[in-house]
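Dumping the structure here so I can ask a few things about it.
The values are calculated or read from the model by the stated rules, or taken from the named source; none is laboratory data. Keep in mind that this is a model prediction, so the values were computed, not measured. Positions of Cβ are generated from backbone atoms using ideal geometry, with glycine treated the same way; all protein chains shown enter the neighbour counts.
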Amino acid sequence: GVRVAQRFSGVERSATVALLETVQRLRREGVDVLDLSGGEPDFTTPQTVIAEAVSALEGGDTHYTPSRGLPELLGAIGEKLATENGVHVDPATGIIVTPSAKQALFTALMTVLDPGDEVIVPTPAWVSYPAMAALIGARAVPAELRAEDGFRLSRQLLEGRLTDRTRALVINTPANPTGHVLDGEEAAEIVAFAVEHNLVLIVDEIYEKIVYDGHRHLSLASLPGVAERTLTVNGFSKAYAMTGWRLGYLAGPGPLIAQALKVQEHTVSCAASFVQRGGVAALTGAADDIAAMLKEYTVRRELTVTALNALPGVSCAYPEGAFYAFADIRGTGLTSAAFAQLLLERAAVTVAPGSAFGAGGEGHVRLSFAASRDVLEGVGERLTRLAEEWP
Ligand code: PLP
């Protein structure tokens, strides 16, 4: 057959996307599947965002924008980073608007890694970091976090993963799938490690708006002495329920952003023009929508954690942030894949097996509570019934 590039060895299709296909197939067969395997808010995008994008389209805003992004959106992002995150970048040289946070992450990794280089990724982690590294010929080195430590990262753990090829470290806070929110002590250790070994920090803050119980999101780039080595990634998918819009951004020091801009210019040129207009409206006029969604996530979190804890051998802590419950299933004696299979067969509920999230993920399953209350209550009923006839 035709030859494909070597870079695909070890790169699998996204496990969570594959699950979605199983769900769609079962539904076609008439099974009433309650799907908690994905990571997509069920809310509609705030009306003001939709109205702005529609009016941009109708007003003829259908052309290329500057590849960095629309000046209005760059300005709004710069303002947001300064006031909400304590991150100071020049909107003219320190930000690129990208078609999704995913694309921003790919661009960031492409900007700092050569083939053969290594990037440390604390795991369990979102499935795409290692795949992206592999696609550009680099290697993700897992730093395995432990449930017993609350999935906190330590300098000692990082030091153990360092080689002479290490160039960067990926940090995701609030984290998918664990829900952990970076704390100050942890941040200080990460920064000291990155500075001492001259590493770039690639920080994925896509869940920053979704934090509970008084936890506060902390942007690493706001800490003294690291702005020059930190690329901050964020996007509109989760905070504003805008997954289908594909809109995100990359922010950081001028010299790194100047190189990243070449990746953007030679691949996608720019994010869609009217979508960027919607982005301006999101940043400047959707605070109430965000507050309402957070309130709703708090209720849904309760429903989900309670339902899980009803199952014998399952123990689920309240996540600090994001919209995933990452339940410890070790007491059931099942692997995460077997547990997920059991929930599918006996309750028609789909969850993501922890093994999909890399080292440290086994022994857990992830349930997304970005689903509607009806769905979550249905899951609660099914799990209660299952608990009665367990296993
Ligand atoms: N980063 C993390 C940690 C995510 O969970 C996701 C979505 O699942 C993304 C990035 C991708 O976001 P976007 O829709 O902007 O590509």
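Search region 244-259 for residues being within 20 Å of the chain's Cα centre (by Cα) and buried (at least 19 other Cβ atoms within 10 Å of the Cβ), and hand back the single one that is nearest to Thr107 (Cα to Cα).
Leu250
Can you confirm whether region 370-389 contains a residue that is in contact with a Ser or Thr (Cβ under 9 Å, 6 or more places away or on another chain) and assigned to a strand (DSSP E or B)?
no
Next question, about the same structure. Identify all residues within region 7-26 that are within 16 Å of the ligand (Cβ to nearest atom) and over 15 Å from Ala352 (Cα atoms); write none if there are none.
Those that are within 16 Å of the ligand (Cβ to nearest atom) and over 15 Å from Ala352 (Cα atoms): none in region 7-26.
Let me ask something additional. Please state which one of Gly235, Gly252, Gly244, Gly179 is within 13 Å of the ligand (Cβ to nearest atom), at pLDDT 95 or above and in contact with a Ser or Thr (Cβ under 7 Å, 6 or more places away or on another chain).
Gly235
Which one of these is within 23 Å of the chain's Cα centre (by Cα) and of a type outside the set (Gly, Ala, Ser): Thr65, Thr111, Thr93, Thr48?
Thr111
Considering region 70-109 alone, what residues qualify as being within 16 Å of the ligand (Cβ to nearest atom) and out of contact with any helix residue (DSSP H, G or I) (no Cβ under 6 Å at 6 or more places or on another chain)?
Ile77, Pro99, Ser100, Ala101, Lys102, Gln103, Ala104, Leu105, Ala108
If I go through region 202-219 residue by residue, how many of them are more than 16 Å from the chain's Cα centre (by Cα) and on the phi < 0 side of the Ramachandran plot?
3
OK, next. Suppose we filter region 207-231 for residues that are among the basic types (Lys, Arg) and outside any loop (DSSP other than H, G, I, E, B); how many remain?
Adding up the residues that qualify gives 1.
Which residues, taken from region 110-131, are assigned to a helix (DSSP H, G or I) and within 12 Å of the ligand (Cβ to nearest atom)?
Those that are assigned to a helix (DSSP H, G or I) and within 12 Å of the ligand (Cβ to nearest atom): Ser128, Tyr129.
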